[in-house]
Amino acid sequence: MAETILEIDGLEAGYGDVQVLWDVSLRVEAGAITCIVGSNGAGKTTLLRTISGLIAPRAGSIRLGGAEIGGAAPDAVLGAGVAHVPEGRRLFKGLSVRDNLMLGAYLRQDKAQVARDLDFVMETFPILRERAGQDATTMSGGEQQMCAIGRGIMSAPRLLMIDELSLGLAPRLVETLGEALMEVNRTGLTILLVEQDVMTALDLASQGFVIETGRVTMTGPSTVLAGDARIREAYMGL
Amino acid sequence: MGFAQILANGVVLGTLYACIAIGFSLVWGVLNVINMLHGSFIVLGGYLTYFAWAYTGISPVLILPVVAVLLFGLGYALQYLFINKVVSAPVLTTLTLTFGLDMILYNLMTVFFTATPRRVSMDFGRLEFWGVAMPVDRLIGMGLALLLTALLFVVLRTSRIGRAIVAVRMDREAAALMGIKVNHIYAVTFGIAALMAGAAGSVFAMVFPVTTNLSGVFLGKAFVICVIGGLGGVSGALAGGLALGIIESFAGVLVGPQNAITIGFVLMLVLLIVRPQGLVGVKGYE
């Protein structure tokens with residue numbers, strides 16, 4: 001069993017009077033691609049928002065490499081090494097692709113390494129080099145997703161969390177993005193992928209968690225989950 | 001008075017106006033707060049400059065940076081301690097809070113400084129060129145106003161803190177995910193706005209008499225300039241400031257100075273109807 005980078009135990013979170021997450025526990029293996037799947041409204045985004053410190057947990061713990069990060073402010077969580085690529089890309093309008101990418105490295109002081117990482121991102125997604133000076137929000141959806149992922153990589157994270165990689169993108173683009181993610185993963189970066197598109201997610205990941213109405217209902221190697229009759233029926237329409 | 005003279009007066013006034021409005025525009029655009037304190041910040045900057053000059057005799061040009069730093073500290077503290085608590089509340093809440101803070105600041109100034117109009121009087125004589133006569137102190141004021149405006153523009157464009165301010169303005173949550181401390185950036189933004197207001201007050205006191213009663217006038221001007229120019233940032237304030245300065249200058253000669261303010265507000269109403277994003281504002285910012 002490989003080393004665990006992220007451990008979540010008994011996590012509860014929500015907004016105002018509405019509790020969304022109930023006793024969520026999960027493990028992310030270092031160096032792997034792990035996915036969290038589930039339908040719209042299951043609490044996947046809330047889980048990521050709680051991990052990255054945008055909302056405070058009500059109970060439970062979140063540990064990164066053994067250190068507690070639950071309830072820490074977003075800048076502290078990012079500083080600890082968790083980058084969050086938000087749903088819908090959320091690129092900064094009016095800023096160029098390069099400026100957007102560099103904002104990902106906002107907390108970093110190691111200028112030389114930042115320059116190398118920028119180069120790596122542009123090698124991985126060559127279109128971003130071509131469009132470096134263009135307003136990032138004027139690109140196509142797929143290009144914007146590349147920029148958002150690149151922006152996440154620019155923080156030199158230990159764990160990259162991506163919310164809805166495939167949302168609103170053509171299947172062929174999703175495939176390209178998936179291949180790029182595998183490539184990034186091979187450099188040693190751990191990836192936590194959150195997806196409504198169960199097939200794509202289980203394809204990319206080695207380990208999967210299924211979330212339904214705020215609870216983890218199934219977990220296992222993605223090949224096992226992909227073969228599970230209930231999953232095939234509920235999410236793949238097979 | 002010749003056309004060139006009226007235009008030159010308008011341009012000088014316009015650069016001062018731009019300097020007055022820039023901080024107001026920044027706070028409005030980034031924090032979505034209508035800062036009712038803005039006029040009093042300007043008056044405070046003017047009074048501090050006057051008294052420092054009157055008691056020490058130091059050149060107001062050297063006093064200006066000190067006043068600017070003091071105002072930055074005041075602005076940062078007010079935002080961090082008070083306004084940040086309600087910054088995401090509806091605009092009426094923050095408006096009420098800054099209105100209350102303004103009442104306090106305004107009355108404190110009236111008590112400590114009295115409402116007597118004060119002006120730093122430096123007699124540098126006047127320059128004449130192309131049939132335009134211009135007192136040198138006004139030209140110095142214009143130069144300082146332009147310098148401050150350019151400085152802010154460069155800071156916002158190129159510095160790390162400038163990038164962070166733009167990011168927070170666009171999407172505060174995504175900015176937080178970049179590791180930007182949003183509350184700190186809000187306070188820095190408010191501090192910069194107060195700094196620019198204080199510096200504008202310094203410049204103003206070198207050119208025109210300043211009194212506490214002007215705080216409402218300054219606030220009104222800042223508001224009109226932002227609407228005319230648009231909330232697109234430094235360029236909007238500069239365009240709006242120059243437009244208002246020139247219009248008031250011409251209106252003052254054509255229909256009398258007592259009507260110049262009315263003309264400015266009428267222009268604002270017209271622009272709100274035909275071009276709500278302002279002269280150079282970007283759609284979606286308003």
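Computed from the coordinates by the stated procedures, all read-outs in this text should not be read as laboratory data. Please read all numbers here as calculations on a predicted model, not as lab measurements. Here the Cβ is made from the backbone with ideal geometry for all residues, glycine too, and neighbour counts use every protein chain on show.
Some points to look at:
- Sites listed here are trypsin sites (Lys or Arg not before Pro) in the stretch A:29-116 whose DSSP assignment is loop and whose Cβ has at most 15 other Cβ atoms within 10 Å: A:58.
- Full extension of the chain between residue A:120 and residue A:182 gives 20.9 nm of extra length, using 0.36 nm per residue less the Cα-Cα distance.
- The GluC sites (Glu not before Pro) of the stretch A:1-107 that DSSP puts in a loop, and whose beta carbon has at most 16 other beta carbons within 10 Å, are A:3.
- Peptide B:164-176 has a mean shielding of 5, counted as Cβ atoms of other protein chains within 10 Å of each residue's Cβ.
- Annotation: lysines with alpha-carbon distance below 30 angstrom to residue B:221 (same-chain offsets under eight excluded): A:93, B:85, B:283.
- Cα centroid separation, the stretch A:194-212 to the stretch A:140-169 (Å): 16
- In terms of its C-alpha gyration tensor, the stretch B:132-263 comes out prolate, because a/c is 1.5 or above and the ratio a/b outweighs b/c.
- Around the amide H of residue A:212, modelled in the peptide plane, lie the amide H atoms of A:217, all under 5 Å away and 5 or more residues distant in sequence or on another chain.
- Principal axis dimensions, largest first and in whole angstrom, of chain A by Cα: 46, 39, 38
- Selected from B:206, B:134, B:142 as most flexible by GNM, with chain B as the system and alpha-carbon contacts under 10 Å: B:134
- What separates the Cα centres of the stretch A:47-104 and the stretch B:167-204 is a distance of 21 Å.
- Sparse-neighbourhood loop sites, chymotrypsin sites (Phe, Trp or Tyr not before Pro) in the stretch B:113-143 - DSSP loop, at most 15 other Cβ within 10 angstrom: B:124, B:130
- Average silhouette area of chain B, convex hull of alpha-carbon atoms, in square nanometres: 15.0
- The length gained on full extension between residue A:206 and residue A:7, counted as 0.36 nm times the residue separation minus their Cα-Cα distance, comes to 70.0 nm.
- Residues with amide H under 5 Å from that of residue A:55, placed H, sequence gap 5 or more: A:50
- Karplus (6.51, -1.76, 1.60) ³J(HN,Hα), θ = phi - 60°, over the stretch A:143-150, in Hz, Gly and Pro reported as x: 5, 5, 5, 4, 5, 5, 5, x
- Here the translational diffusion coefficient of the protein assembly as shown follows from Stokes-Einstein with Rh set to the Kirkwood radius across Cα pairs; for 4 °C and 1.567 mPa s it amounts to 51 µm²/s.
- Take every pair of alpha-carbon atoms less than 8 Å apart whose residues are at least six positions apart; their mean separation over the length of the stretch A:1-137 yields a relative contact order of 21 percent.
- In percent, rounded to a whole number, the relative contact order of chain B is 37, using alpha-carbon pairs under 8 Å and six or more apart.
- Anisotropy class of the stretch A:192-238 from Cα gyration tensor, a/c 1.5 cut: rounded
- Amide proton proximity set for residue A:220, modelled H, under 5 Å, gap of 5+: A:208
- In nm, spacing of pseudo-spin labels at residue B:123 and residue B:103 (7 Å Cα→C-beta vector): 4.5
- Across the stretch A:110-120, coupling constants 3J(HN,Hα) worked out from phi with the 6.51/-1.76/1.60 Karplus curve, θ = phi - 60°, read 6, 4, 5, 5, 4, 4, 5, 5, 4, 5, 4 Hz, and Gly and Pro carry x.
- Within-13-Å neighbourhood charge of residue A:92 [Cβ basis; K, R +1; D, E -1]: +4
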